[in-house]
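Shown next, in C-alpha cells, is the structure this report addresses.
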Amino acid sequence: MAKPLVAFYWCASCGGCEEAVVDLAEDILKVVDAVDIRLWPVAMDFKRADVEAMEDKSIAVSFINGAVRTEEQEEMVKLLRKKSQLVIPFGACAHLGGIPGLANIANKKEIFETAYKLTRSTQNPKGIYPQTTTDTPYGKLTLPEFFDTVKTLDQTIEVDYYLPGCAPPPELIMQAVTAILEGKLPPKGSVLTVDKALCETCERNKSKPDTLAIKDIKRISHVIADPEKCFLAEGIICLGPATRGGCGERCINANMPCRGCFGPTKEVKDMGAKFLSSLASIIDVDDEKEIEKIAESVIDPIGLFYMYSLPSSILKRKQGV
Amino acid sequence: MRVLVCTCKGKIQLPKKDLGPNVILEQHDDLCKKKFQIKPDEKVVIAGCSPTVMEGLFPHATAEYVNLHEHVVLPGHGIEKAWDLITAAVAKLEHVTPVTTRVFPIKHKEVIVIGGGIAGIEVTSQLARNGITVTMIEQKPFLGGTVAQLDRLYPEGTPYGHTLMPQIGNMLQNDTSRIYTNAEVTGVTGTVGNYTVSLHTHPRGVIECTNCGKCADVCPVEVDDAGKMRKAIYYEPTYPDIYAIDFDTCTRCGECVKVCEGKISLDEKGIDKEIQAGAIVVATGLAWYDVARVEEYGYKRLDGVMTTLEFERAVTSGRLNPKKIVFIYCAGSRDSKHLLYCSKICCFLGLKEAKLVVDRFPDVQVYIAAMDMRSSGTFEYLYNTLRERGVSFIKGKPSEVFQRNGNLVVRTEDLYTNELLEIEADTVVLSSGFTPDTQTFNKLGVRLEHDFPILFENASLGNMELPRGIFTAGAATFPAGVRDALIDARKAAFSVVNLFHQDKIEMQQPNAVVNEDLCSVCRMCIGTCPYGAISIVEDKIHVDETLCMGCGICAITCPSYASQLEGFNPAALSSHIRALVRQGDILALLCKWSAYNATDRAAYDRVAYPQNVRIIRVPCSGAVDISHVMDALQNGAKGVLIGGCYPNACHYARGNFRAKAREQILRINLDLLGFNKNSVRLEWIGKDEARKFASIVKEMNK
C-alpha cells in the first residue's frame, strides 16, 4: 500500500519548528517509515511546480509553520490547502502569529524604513525599497508583496488542527503524527494538547498561596527567582495560568516564567486581554495613583502579554497605521 | 425564546418584525401588573421599565432586560433604538448560560439573634410570641447592651430600668428562647433555612450563685467600667441573676472562692457549640467610635476628658462633681479624618446629659460646642429648655483641648459671635459617633455600603430582607435610639415570621460555577472573592453557593473562563456587545448598583445624552473583562465607558479597584495599539449623577 503523503512548509518563521522535526531524533525514522514526505523545503528539493502537479487532496497532511507575512506565503498555503486533506498549523507562529506577529505594531512602510534605511549599518541615501517588480536591462524581476499585517494561518486558509508551541515539543509532534496515522483525531479545530492551563501540571503551583496579592511587578532580569516558588507569588509575570499546558514546562524548569507560546485555553479568544484582566485582579493596591504606577511599571506590555498572540487577538494589530 | 414587550398602556407600539427563528414576540399592555407563567429554564427578553423595577417581578427567569421606558421612551430616542436593544438582547440570550434555580428548604424554623441589647430582646420576644424558638447570643456576661450602661433615656430621662426590665421580663415569659451570655459567634456556614452558627462561650467563673454579693465585697480589684467603679467580680441587675468574673482584670487571688455561698471556679474552660437555625438576626447594637483617635482632644492623655458614656456613668454614680463642663459635639464625626457620616443620635445623648447635670448641680456651668445642633423632632423642646436653663451653645468645632494651670482649656471658634474662645473647664465631654459592626456583617456576607448594610440606603426598594435569611435589628442597622431600635426590631421579627411561613424558598440569583474540564486550579480566583466563597476542596476549586453573591469578579479573573457567572458568561456578553455596538458608538458598561441608575435618573430629569451611547448593565465594574472592551473597539466603538461605584462604596468590597487596575493596564496597551487611550474610561458615577454620566458620554462622543 502506498504510504500517506506528508508536506512540511514554512512561512514567516525562525526555523525553530524545522529544528523541532529534527529533534524527533530516532523517532524521525519511524515517521519516514510510515509516511512519504513529499515537500520539505528546508531539507529536500521539491519545487512549487511539483506541488501544483499533484492531484487535489492527494497530500494526507500538511504541517505548516510560520505566520503569513508575504504574498508568496499566502499563495503557497492556499495551494497546499487545495492539495491536502488535513492542514495543521505547526507551532506558535502559524497558530497565533507568534514572534513575527509582533510586527503588527508597525506597518510595511515603517518596517521597510527601519530595515532598509534607518538602521546604523545601512547606507541607502536614495531611499530604495524592495518593489514587487523591478525593470532591469536583463528583464523584469519580481518579488512577492510584503503585507502590512501578519496573519495567522487560520486567518488565511481553513485549518483542521493546531500543534502549539515555540517550537512544538517532540512528544506532541509524535502524538499528533500517531493520532493521524491511526485516525484517532479529536473534533476539528482542536489544539493537539491538553485543555487545561499550565498551572495544572506545574510543580510550583503547590507553592502558590491561596490569595495571590501583588504590590509590585518584578522583571525576571532584575531578580533571582526562587526555583521552587510560583513566579506570580513573587510578583514576576508568568502567563502559565492563561496558557495551555502540555509543553512539559520547559521554561519553568529552566527557572523562566511562561510566556504563553501554547496559546490560550479553549474558551478564551484574546489571550493578552484575558491575562491582563486576571492580573489586574491580583494587584493588591487600593490607591488610584499607586495602581497607575504599577500599570506603568510593565515595560513593553504588548511584547509581554501578546508575545505570541497579537495577530490572533481581537484587535489583531495596531490601528490607524 | 420569548420577547415580552410592554407597551406601557399603548404608549409604545412596535411594528411586527422578525427576530429570527424560535423567537416569539409578545406585546402586553402592562407587563408590571400581570402574572406570567415562565418556566424555570426559559429564556426571556423583558422589554419595559428599568431592570431595577422589572427584575423583582420576574424572579425565576433567565432574563435579559431591555430598558424601553428609561432608555428609549423618556429620552425621546427613536423606535429603531428599541429594536437595536431588543435584537442585541436576543443575541445575548442565545449564548447565555441559564441561571440555576436553587431551592432552599427552610429546614430549621428557629432563629439565632446575635446581640442581647434592647433590639435583640425585642426581636426575641416578638418571635417567641409567634412560637418561634430563638437562641440569643450575647457577648457580655449580662444582657441589656448599651441601654443597661446608661442611667436614663432621652428625651424624658426615663430610668433605663423602666424600659429595659419589662422588656427582659416579657422575653423570659416565653420559654422558647435559649440565652447564651459571655458568648461570641466564631463562624457561620450554610444559608437561609439552614445555617450553622458556631459559638464560643467564655468562662463566667461563677457557676452557682445565691446573689449574696460577698464575693464582690472581698474582691480587691477595682475596675473603672466606662466611668463607673465595680469589682472584678460583679453583677448587673438585668439577666442572668448570676455574678460574673471579668477575667481580663481578675488577679485570681481566690478571695471570692473562700466566701462564696454557691460555687466559683477560676479555671473553668470555655465551651464551643454549634447551633442550627433558619434565619439570623444581627442585633449587635452600638459600637462607640474610638475617640482617642481624635488626638487634639486629648482623650486618655488629659485628666477630665471623657466620653459621653463615661460622663453619664461617673456623674450618676456620684464619682464626678463637675463645676464647669464643655461638651464637644461631633468628636470624630462628619470629619474627613474620622467618620464621614452623622451618627444621628449623639446630639440627643449630649442634650440628655446636659439636662441631667444641670438638674443635679444647679450651679454648674455648661457649654456645648457644636458645628450644628441636630435636634430633630421633639428634641427641639429639650434644646430650648437647656437654653432657658443657661446652657451656652457655641457654634463651632473646637480645634484643641489642652491643660493650663491645672485646668482644661477648650480652644474654639464661635460662629455666632465670630470670636475665638478659650474656655476653661474641669470636665470636657467628647460626644463621639458610632461605628458599624463590619466584622459580623462580613462574617455573614452582608453587602455593605459606606460600611452599613445596604438595606439601610435602599429601604425604598421595599425589600426589607438582607441576602438569604439574614436580618438586622436596631442600632446594628444604623445608630439608633431606643424607640427606633424597637421599631427596627419589630420589622426584623416580621420579616422572619414572613420567611418561616414558607417551607422552602426558590432563588434564582446568579452564582459563579466552575467548569472542572477547564480549571487548572491556578488559584487566581480564590483571593478575589469578597465573600470567601471560593476554596480548594479535594484539589478542586469549589464555590460555596450559599456564600456566592454573584458579583462575577472571580469569573473575570479566571484566566481560562473556567469560572463563569451564570447569566453573564463571556460568550453571551461578547455577542451582546457585538450585536449592539456599531461604528462610532459609545459602549457604556455600567454597574447595576450605581452608574446604571444614573441613566434612569437622566431619563426622569430629562438629562439628554446622545443616542449612540449603548448601555449594558453589569453586576459590578470589577466584572468587566478587558476582552469585552476589545470586542467593542473592534466593532468600531468610538469609546468605552465603564461606570462603577465610588471608591470604598463598592457593593462587592473591592470590585471597583480591580476595575481601576484593569483600566490602567488597558489604557497603556491601547495606546501602544494605536487607539486614543482616552477612548476607554472608568468613571465613578453615583446612582443619581445623571449629569455626570451625560457630560462624560458627551465628552467621549466629541
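Overview of results
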item	result
Any hit, segment B:271-279, residues being touching a Phe, Trp or Tyr at 6+ places or on another chain (Cβ under 6 Å) and either crowded, with 17+ Cβ neighbours inside 10 Å or under 30 Å from B:Asp363 (Cβ atoms) (or both)	yes
Any hit, segment A:297-319, residues being buried (at least 19 other Cβ atoms within 10 Å of the Cβ), at the interface with another protein chain (Cβ under 8 Å from one of its Cβ atoms) and under 12 Å from B:Arg662 (Cα atoms)	no
A:Lys57 being more than 19 Å from A:Ser13 (Cβ to Cβ), within 28 Å of the chain's Cα centre (by Cα), assigned to a loop (DSSP other than H, G, I, E, B) and of a type in the set (Lys, Arg)	yes
Of residues in segment A:267-290 being at the interface with chain B (Cβ under 7 Å from one of its Cβ atoms) and charged (D, E, K, R), the one surrounded by the fewest Cβ atoms within 10 Å (Cβ to Cβ)	A:Asp286
Segments classed as strands (runs of 3 or more DSSP E), wholly inside segment B:127-232, with at least 3 members that are surrounded by fewer than 18 Cβ atoms within 10 Å (Cβ to Cβ)	B:183-191, B:194-201, B:222-225
Residues (free of Cβ contacts under 8 Å to residues at least 60 places away in the same chain and part of a loop (DSSP other than H, G, I, E, B)) located in segment B:466-514	B:Leu466, B:Thr477, B:His501
Selected residue [of a type in the set (Lys, Arg) and free of Cβ contacts under 8 Å to residues at least 24 places away in the same chain] from B:Arg334, B:Arg411, B:Arg374	B:Arg411
In segment B:633-661, residue farthest from the other protein chains (Cβ to nearest Cβ) [restricted to those that are surrounded by fewer than 24 Cβ atoms within 10 Å (Cβ to Cβ) and either touching a residue at least 60 places away in the same chain (Cβ under 8 Å) or among the polar types (S, T, N, Q) (or both)]	B:His651
Qualifying position, being buried (at least 17 other Cβ atoms within 10 Å of the Cβ), within 11 Å of another protein chain (Cβ to nearest Cβ) and in contact with a Gly (Cβ under 9 Å, 6 or more places away or on another chain), among A:Leu232, A:Leu163	A:Leu232
Test: A:Asp210 is more than 30 Å from A:Pro186 (Cβ to Cβ), part of a loop (DSSP other than H, G, I, E, B), in contact with a Phe, Trp or Tyr (Cβ under 7 Å, 6 or more places away or on another chain) and at the interface with another protein chain (Cβ under 7 Å from one of its Cβ atoms)	no
From the options A:Gly240, A:Gly248, A:Gly189, residue that is more than 24 Å from B:Tyr561 (Cβ to Cβ) and outside the structural domain of A:Gly91 (by TED's automatic domain parsing)	A:Gly248
Residue that is under 30 Å from A:Met307 (Cα atoms) and free of Cβ contacts under 8 Å to residues at least 12 places away in the same chain, where the choices are A:Val22, A:Val77, A:Val42	A:Val22
Residue among A:Gly139, A:Gly97, A:Gly127 that is of a type outside the set (Ser, Thr, Tyr) and closer than 28 Å to A:Cys258 by Cα	A:Gly97
Residues satisfying the stated conditions in segment A:193-205, i.e. assigned to a helix (DSSP H, G or I) and either more than 17 Å from A:Ala233 (Cα to Cα) or within 10 Å of another protein chain (Cβ to nearest Cβ) (or both)	A:Leu198, A:Cys199, A:Glu200, A:Asn205
Flag for B:Val543 being touching a residue at least 24 places away in the same chain (Cβ under 8 Å) and either within 10 Å of chain A (Cβ to nearest Cβ) or closer than 30 Å to A:Glu200 by Cβ (or both)	yes
Residue tally, condition of a type in the set (A, V, I, L, M, F, W, C) and either surrounded by fewer than 24 Cβ atoms within 10 Å (Cβ to Cβ) or in a loop (DSSP other than H, G, I, E, B) (or both), over segment B:621-632	1
Exclusive hit being more than 14 Å from chain B (Cβ to nearest Cβ), modelled with pLDDT of 90 or more and in contact with a Lys or Arg (Cβ under 9 Å, 6 or more places away or on another chain), set A:Glu158, A:Glu182, A:Glu171	A:Glu158
Filter pass, A:Gly260 being more than 7 Å from chain B (Cβ to nearest Cβ), of a type outside the set (Val, Ile, Thr) and touching a Pro at 6+ places or on another chain (Cβ under 7 Å)	no
Enumeration of residues in segment B:32-48 that are at pLDDT below 90 and farther than 22 Å from B:Met507 by Cβ	B:Lys33, B:Lys34
Conditions (1) touching a Pro at 6+ places or on another chain (Cβ under 6 Å); (2) more than 12 Å from every other protein chain (Cβ to nearest Cβ); number of the one not met by B:Gly552	(2)
Residue in segment B:507-522 that is charged (D, E, K, R) and either buried (at least 21 other Cβ atoms within 10 Å of the Cβ) or away from chain A (no Cβ under 13 Å) (or both) present	no
A:Cys251 within 22 Å of the chain's Cα centre (by Cα), more than 13 Å from chain B (Cβ to nearest Cβ), within 23 Å of A:Ala176 (Cα to Cα) and crowded, with 24+ Cβ neighbours inside 10 Å	no
Residue count, segment B:569-605 (criterion: surrounded by fewer than 24 Cβ atoms within 10 Å (Cβ to Cβ), part of a loop (DSSP other than H, G, I, E, B), touching a Ser or Thr at 6+ places or on another chain (Cβ under 9 Å) and away from chain A (no Cβ under 14 Å))	1
Qualifying residue in segment B:529-549 (condition: of a type in the set (S, T, N, Q) and closer than 15 Å to B:Gly622 by Cα)	no
Members of segment B:383-406 found to be touching a Phe, Trp or Tyr at 6+ places or on another chain (Cβ under 7 Å) and of a type outside the set (Lys, Arg), listed by number	B:Ser392, B:Ile394, B:Val401
Subset of segment B:40-63 [touching a residue at least 40 places away in the same chain (Cβ under 8 Å), out of contact with any Phe, Trp or Tyr (no Cβ under 6 Å at 6 or more places or on another chain) and in a strand (DSSP E or B)]	B:Lys43, B:Val44, B:Val45, B:Ala47, B:Gly48, B:Thr62
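The values are calculated or read from the model by the stated rules, or taken from the named source; none is laboratory data. Please read these numbers as outputs of a predicted model, since none were measured by experiment. Cβ: placed from backbone, ideal geometry, glycine included. Neighbour counts: every protein chain shown.
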